[in-house]
1. Output wanted: per-residue J couplings in Hz (rounded whole) for segment 21-35, from phi through Karplus 6.51 cos²θ - 1.76 cosθ + 1.60, θ = phi - 60°, x for Gly and Pro.
2. Give me the number: length gained by fully extending SER55 to SER24, i.e. 0.36 nm times residue separation minus the C-alpha to C-alpha distance, one decimal in nm.
3. Computed over the Cα atoms, what is the radius of gyration of segment 7-81 divided by 2.2 N^0.38 Å, N being its residue count?
Amino acid sequence: MNDPVAGGGRMAKHSLVIAGHRTSISLEDAFWLALKEIAAARGQSLAGLVAEIDSARGEANLSSAIRVFVLAEARGSKRAS
């Protein structure tokens with residue numbers, strides 16, 4: 001994964017289709033790359049994983065919900081080691 005201090009903190013917009021609707025999210029490169037890695041490790045499409053996060057986020061902003069999801073995944077994998 002990109003080093004967040006060495007460029008992974010750059011913000012970028014990413015477009016996805018979720019539940020048939022095109023949406024755009026702003027995420028730092030480090031979070032986007034981690035999200036792609038999580039989807040690949042689960043054998044899921046990126047859009048499918050984001051759709052799951054979207055359906056569980058409640059009132060939270062989608063970009064924020066993705067960041068929290070990626071952080072939770074990172075913490076979970078460290079606990080499992």
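1. Values, residue by residue: 10, 6, 9, 10, 10, 9, 9, 5, 3, 4, 5, 4, 5, 4, 4 Hz.
2. Additional length available on full extension: 9.6 nm.
3. In units of the 2.2 N^0.38 Å rule of thumb, it is 1.07.
Here, each number is a calculation from the coordinates, and none is a lab measurement. Model, not experiment: these values are computed from the prediction.
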